[in-house]
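Participant: This is the structure I want to talk about, given as structure tokens.
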Protein chains: 2
Amino acid sequence: MADQTTAGSIRARVRAEMIDEIKTVARRHIAQEGAALSLRAVARELGMVSSALYRYFPSRDELLTALIIDAYDSMGEAAEAADAAIPDRTDVLARWVAVAHALRDWAVAQPHLYGLIYGSPVPGYAAPEDTIGPATRPVVVLGAIMADAKAAGRLDLETGAAPAIPAALRVEIDRVAEAVTMDVPAAVAARGLIGWTELFGAISFELFGRFNDTIDERRDWFDHQVRVMGAFVGLRG
Amino acid sequence: MADQTTAGSIRARVRAEMIDEIKTVARRHIAQEGAALSLRAVARELGMVSSALYRYFPSRDELLTALIIDAYDSMGEAAEAADAAIPDRTDVLARWVAVAHALRDWAVAQPHLYGLIYGSPVPGYAAPEDTIGPATRPVVVLGAIMADAKAAGRLDLETGAAPAIPAALRVEIDRVAEAVTMDVPAAVAARGLIGWTELFGAISFELFGRFNDTIDERRDWFDHQVRVMGAFVGLRG
DNA sequence: GCCGTGTCAAGAGCAGTGCTCTCGAATGTG
DNA sequence: CACATTCGAGAGCACTGCTCTTGACACGGC
């Protein structure tokens, strides 16, 4: 029994190392060539034949999915770390700015991975269930900041001029707010969602070349956006 | 001379029709399968052999480029038409909302084409010069609305609490504002760029599946965003 | 210690891709 | 009418993801 476990775990460990190695090489290939990942090229670099890879990943899409999940997790970790690095937990604006920059820095450092998860869906590839969990990590961080802001009395709850929200939509927004334990009026939660949308819209615009020959001061521009949107969502420094 | 012109134009016309037919089929294939466009499949459907297509497009990328340019133009036209359909030119908020919905409607109607132009760049494909002109049409429409708003005294120019803008960035923002003949302070122009970013961020989020299992009232949610952002950029209804 | 079992890599092969080149046929031009 | 240009077809190259079969290896139970 113990032997079996040991032996089994040895095998499993070797296997896990192989999987890691494949993912590492695949990640580097994606970093260089984008989403056009070639199994054969990965296998070549690993000194083995393409069919051998199928022992570890049942298809190219499964390998892509594994990389996507890792990417989501890595990005989420970056956001969480940046948030945790702000000592004054009530300085919600500083936390917002730090998390936003962490997300952008992560994306700029590995643009192709970002494109994989926030770009147009890969043809013939449907994101499986496993990805939705990790995918929510960044938005959870942003939601937590707003929740903390409200708790610290540093969230602007004024929504006087906001357009009305239809009932069915209000329910859905409330559900999202509840998911990130953000107990605020729907119009305020909506502002948070808008801030989230603008944030990733800005990163996508920059990475997908929308600012080519237009705005070169990318970091300054992003910083400005982030601070404006931080105020917009109601965070008070 | 007249004959030559006629004959030449006959040939040219046949050729142009062939090019149109190829693009139409290719567009339909993209609508069904996404960016993974197969020249051979297009040729098959046209009843000819793949190599024959190279008489009309020097490469697959050139065909994609042609489709991208058409898509930009089509989207820009949709935006311009929606703007022009608002009789009261000084009702800048209504124009903003109309244009935004037109852009989203266009994207929702042909999501794969939208992904082609606003999604992650296709691997190994670099957007050529020809695309930057048509690509600016939607933003020009939005800029014109802000410019008209200012002229009509319906643009909020208050920027008291806005974060400072570094000098180099201010120059670039001013240049963008100038390009859409929008003579406003940089902080106001920046708000416009942020609104533009949020607008396309919202469309991308919806089309790229970010709202799956979260927000189903897509049109209502978009409408709310658009109205909030219209007020944010300073448009007064 | 041997023998069955399960795991693994390799190779051949299929159907598909973009792209190039050559060759014959058609077609409009002088 | 004869010429030149244009066009479609076909073969072929190098590549892709994926499947199936084959042979080697190591591990675990008797």
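Since every read-out is calculated from the coordinates, none of them should be taken as a lab result. Because the structure is a prediction, the values reported are computed rather than measured. Neighbour counts run over all protein chains shown; Cβ positions are idealised from the backbone, glycine included.
Participant: Does region B:39-145 come out rounded, prolate or oblate, given a ≥ b ≥ c as the square roots of the eigenvalues of its C-alpha gyration tensor, rounded meaning a/c under 1.5 and, failing that, prolate meaning a/b above b/c?
Facilitator: Prolate is the answer for region B:39-145, as a/c is 1.5 or above and a/b outweighs b/c.
Participant: Size of the dipole of region B:73-233 about the Cα centre, Lys and Arg at +1 and Asp and Glu at -1 on the beta carbon, nothing else charged, in debye to 20?
Facilitator: With Lys and Arg at +1 and Asp and Glu at -1, about 240 debye.
Participant: Could you work out the local net charge near A:Met229, counting Lys and Arg as +1, Asp and Glu as -1, over the other residues with Cβ closer than 10 Å to its Cβ?
Facilitator: With Lys, Arg at +1 and Asp, Glu at -1, the neighbours total 0.
Participant: Let me ask something else about it. Distance in whole Å from the B-onto-A rotation axis to the closest C-beta of chain B, together with the residue it belongs to, please.
Facilitator: So the closest residue, with its distance, comes out as B:Gly201, 1.
Participant: Rounded to the nearest 500, what is the 222 nm mean residue ellipticity of the protein assembly as shown from helices alone, with -39500 (n - 2.57) per DSSP H run of 4+ residues and division by all residues?
Facilitator: Dividing the helical sum by the residues of the protein assembly as shown leaves -22500 deg cm²/dmol.
Participant: Could you work out the local net charge near A:Arg28, counting Lys and Arg as +1, Asp and Glu as -1, over the other residues with Cβ closer than 14 Å to its Cβ? Intermediate values should be presented prior to the final figure.
Facilitator: On the way: positive: A:Lys23, A:Arg27, A:Arg44; negative: A:Asp20, A:Glu21, A:Glu33, A:Glu45, A:Asp70.
Combined, the nearby Lys, Arg, Asp and Glu give -2.
Participant: Could you size up the charge dipole of the protein assembly as shown around its Cα centre, putting +1 on the beta carbon of Lys and Arg and -1 on that of Asp and Glu, and report it in debye to the nearest 20?
Facilitator: Numbers: 48 positive and 64 negative charges, 158 e Å.
Using only the charged Cβ atoms, the result is roughly 760 debye.
Participant: Something else now. Sorted by mean Cβ packing within 10 Å, highest first, what order do the peptides B:178-189, A:49-60 take?
Facilitator: Result, highest mean Cβ count within 10 Å first: B:178-189, A:49-60.
Participant: Just to confirm a number: summing +1 for Lys and Arg and -1 for Asp and Glu over residues other than B:Glu172 whose beta-carbon lies under 15 angstrom from that of B:Glu172, what do you get?
Facilitator: Cβ neighbours under 15 Å give a net charge of -3.
Participant: Compute a Gaussian network model of chain A, connecting alpha carbons closer than 10 Å, and tell me which residue from A:Gly133, A:Gly143, A:Gly160 fluctuates the most.
Facilitator: Top of the fluctuation ranking is A:Gly160.
Participant: A follow-up question, please. Find which of A:Ala41, A:Ile117, B:Met146 sits farthest along the positive direction of the dipole of the protein assembly as shown, computed with +1 on the beta-carbon of Lys and Arg, -1 on that of Asp and Glu, about the Cα centre.
Facilitator: A:Ala41
Participant: Under a 5 Å amide H to amide H cut-off, with H placed in plane at 1.01 Å, what residues pair with A:Leu235 once short-range neighbours are removed?
Facilitator: Answer set, sorted by chain and number: A:Asp156.
Participant: Something else now. Principal axis lengths of region B:73-233 from Cα atoms, whole Å, largest first?
Facilitator: That works out to 39, 36, 30 Å along the principal axes.
Participant: In Å³ and rounded to a whole number, note down the convex hull volume per residue for the Cα atoms of the protein assembly as shown.
Facilitator: Normalising the Cα hull of the protein assembly as shown by residue number yields 198 Å³.
Participant: Among B:Val228, B:Ala94, B:Leu63, whose Cα projects farthest towards the positive end of the dipole of chain B, with charges put on the beta-carbon of Lys, Arg (+1) and Asp, Glu (-1)?
Facilitator: After comparing all options, I get B:Leu63.
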